[in-house]
Amino acid sequence: MKEKNVFLKSIGAKLTMMFLAVSIIPIAIIGTISNNSAGNALEDTAFNQLQSVGILKSDQITSFLERKFRDIIVLSKAQNTIDAFDKLKEYHDDGGATPDGPFYSESDKYKKIYKKIDPFFRGYMQEYNFDDMFFICADHGHVMYTVSKENDLGTNLSTGEYRNSGLAKLWEKIVKEKKPAMVDFTLYAPSNENASFIGAPVFNKKNELIAVLALQFSTNRINQIMQEKTGLGETGETYLVGDDYFMRSDSRFDTKSSILVKKVETESVKAGLKNESGTNIVEDYRGVDVLSYYSSLGLKEKFGTDFEWIIIAEIDKSEAFEVVNNLRNQIIVFAIIIAIIIAIVALLFSKMFTKPIIQLKKASEFLADGDLTKEIVVDRSDEIGSLASSFKIMQTNLRNQIKEITEGVNVLSSSSSEIMTMVAQLASTTAETATSISETTSTVEEVKQTAEVSNQKAMEVSESAQKISEISLEGNKSIQETIEGMNKIKQQMESIAAIVIQLSEKSHTIGEIATTVNDLSEQSNLLAVNASIEAAKAGEQGKGFSVVAQEIKNLAERSKESTVQIRSILADIQKEISSAVMATEQGGKVIDSALNLSSTANEVITTLAASVEQASQANLQIAASSQQQLVGMDQITSAMENINEASVQASSSTKQTEESITQLSQLGENLMKIMNKYTLK
């Protein structure tokens, strides 16, 4: 216990502990703050990335549906569609169907009509990648034409076996509302796959509803959009969920189709069905903790549907926070390494600082014991070196003074013996005694001069300490100016972040323009197809028109390709903008860390200035002690003058002389005992 207390009282131990505290505590605080800040920043980045992907996929899905609606509307108004219906209507009214029965599609007359109208619709379907196309009479629900010619051709959607199918629901909705419509995915028996249908009414010149034109598209295109993994890492995915909680796109983690099979009833889906959008951390349909973004596609508002789809974008929490965990481990390792380095440096520094002090302490102990033979070896040029030099000077002076005092004591002792044996020669001996006293007075005067020199050196050390304190104050001022400069840099970084955000908004506007250009190219392509068909009908006379139509189609394709390139470039720009925002935020955090380190340095300099001030006060105390010694030497000088007066008086009184001699003899013996305590060789 005693050794422990001695260790804690040691200057070296205190310096080591101070260095460790000043260095490790800020590192621990900065590490903790950095880890938390990085975790929050990465979490925000992950959520922002998910939100960006979710919004992008949502735009792609709604753009896909908008294009399909435009395609079906344009097709329903095409003259080829009106002409095809007139032929089918004529066959229908001439006995080709009964109101409650089927539509006869096996007769030779129907086959001729089918062969004539089929090239236009088949070419359209292949050009725009639909699974099938349907011509349905508005009055009875007869399926009068399909491209695929499956079991649904000729059926009656109002009374037949497919009256509860998605196609029948679409026909009823369009006939009732007389506007384009869409139905949700359901299993369609004729094609034996999950399918969704969109359709548009067909009107005659009198604006009377005469038929319903319907298109069937499967899940392939939607799956292509949803399963594209850019920006989702290794475990991310996006998928659609209907208002019955069943998937409307396939999961990337299942080998079999998940549509209308996999039920997803997570908090994100529930919130999306409440027409909310946002992000949270949930357990997904696989039982895995994920970062999740959710939003409604708004199909009811945009397309007038009676159903809704929710888009979900998710990534595993373990992958999203992998960087945070690695960063935390790196910070811990870095902190341990820094702590070890600081401990070593602190030990070396404290040893370098305390070694000369220990040497001076030992020298002082030897001086206290009367041993003046030990040499003081401190090779330093700082204040401690100056103090050691003063100790050396004081040791040398003490040696000289002790030698002189010893000699004086020997002389005094010899004189006293002679006086004791030769009282008769008192007068002459008194003169000799006065001479000895005069020599002693000179010696005391020299001691006084030495004390004055020591006092002057102590004052010089005190002035040096004052200068160091002023320099520390100037260092503190420089640190303050550094902190102000860091704050200005931080403001500039915030301005850069604002500019980057404006650039992101402008790139989004460019993306909207590119979408419009793409739509125009698709409509031009459609017109080119129609023109090609018309040119084919015109025969030789339409060849020139066919060439023009082909050029228009080529121009539309190039426009479409350019739009795709523009979107790709915009996606890259968005990624770079996100990277710039994150880099700006990281730069702001680095500046905040630098400000914290500058504040810590300011505190260290302030502490150093206080320590220097304490050393200055100690030196002032030393100077005061030297001054007291000087006063003491003055008193000794006065005493020697009194002794000289006593010697003069001794000539008038032998008795007094004998008493004085006796006292001097005793004094000589006492001084000799004191001198014997000092070792000079």
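The values are calculated or read from the model by the stated rules, or taken from the named source; none is laboratory data. Source: prediction; values computed, not measured. No Cβ is skipped: glycine too gets one built from the backbone with ideal geometry, and neighbour counts run over all protein chains shown.
Side notes on the structure shown:
- Scanning region 593-603 turns up no residue that is closer than 30 Å to residue 231 by Cβ and at pLDDT below 70.
- Candidates in region 206-229 are the residues that are at pLDDT below 85 and surrounded by fewer than 19 Cβ atoms within 10 Å (Cβ to Cβ); of these, the one that is farthest from residue 76 (Cα to Cα) is 229.
- Scanning region 282-305 for residues that are over 19 Å from residue 64 (Cα atoms), surrounded by fewer than 17 Cβ atoms within 10 Å (Cβ to Cβ) and not acidic (Asp, Glu) yields a count of 3.
- Members of region 85-107 found to be under 24 Å from residue 196 (Cα atoms) and crowded, with 20+ Cβ neighbours inside 10 Å, listed by number: 85, 103
- Near pairs, Cβ below 8 angstrom, 6+ apart or cross-chain, from region 159-181 (small (Gly, Ala, Ser)) to any residue that is surrounded by fewer than 18 Cβ atoms within 10 Å (Cβ to Cβ) and not in a helix (DSSP H, G or I): 160/102; 165/186; 165/189; 166/186; 168/158; 181/304
- Failed condition for residue 161, given (1) surrounded by 18 or more Cβ atoms within 10 Å (Cβ to Cβ); (2) in a loop (DSSP other than H, G, I, E, B); (3) not polar (S, T, N, Q): (1)
- Considering residues of region 390-419 that are small (Gly, Ala, Ser) and surrounded by 15 or more Cβ atoms within 10 Å (Cβ to Cβ) only, the residue modelled with the highest pLDDT: 390
- When each of 159, 98 is tested for being polar (S, T, N, Q), closer than 22 Å to residue 176 by Cα and modelled with pLDDT of 90 or more, the lone residue that passes is 159.
- Residue in region 322-342 that is outside any helix (DSSP H, G or I) and out of contact with any strand residue (DSSP E or B) (no Cβ under 7 Å at 6 or more places or on another chain) present: no
- Scanning region 65-95 for residues that are over 30 Å from residue 528 (Cβ atoms) and in contact with a Leu (Cβ under 8 Å, 6 or more places away or on another chain) yields a count of 0.
- Checking 481, 463, 445 one by one, the residue that is of a type outside the set (Gly, Ala, Ser), over 30 Å from residue 634 (Cα atoms) and modelled with pLDDT of 70 or more is 481 and no other.
- Given (1) in a loop (DSSP other than H, G, I, E, B); (2) surrounded by fewer than 22 Cβ atoms within 10 Å (Cβ to Cβ), number of the condition residue 126 does not satisfy: (1)
- Just so you know, in region 252-273 the residues that are under 26 Å from residue 132 (Cβ atoms) and of a type in the set (S, T, N, Q) include one that is surrounded by the fewest Cβ atoms within 10 Å (Cβ to Cβ), and it is 257.
- Check on residue 308, of a type in the set (D, E, K, R) and surrounded by fewer than 17 Cβ atoms within 10 Å (Cβ to Cβ): no
- Hits in region 83-112 (condition: more than 21 Å from residue 162 (Cα to Cα) and assigned to a loop (DSSP other than H, G, I, E, B)): 107
To keep it simple, each residue is scored yes or no on (1) exposed (fewer than 13 other Cβ atoms within 10 Å of the Cβ); (2) assigned to a helix (DSSP H, G or I); (3) at pLDDT 70 or above.
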{"site": "514", "(1), (2), (3)": "no, yes, no"}
{"site": "520", "(1), (2), (3)": "no, yes, no"}
{"site": "533", "(1), (2), (3)": "no, yes, yes"}
{"site": "536", "(1), (2), (3)": "no, yes, yes"}
{"site": "547", "(1), (2), (3)": "yes, yes, yes"}
{"site": "554", "(1), (2), (3)": "yes, yes, yes"}
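- Selection from region 55-80 of residues that are among the aliphatic types (A, V, I, L, M) and in a helix (DSSP H, G or I): 55, 56, 61, 65, 72, 73, 74, 75
- Residue count, region 104-126 (criterion: closer than 16 Å to residue 81 by Cα and not hydrophobic (A, V, I, L, M, F, W, C)): 8
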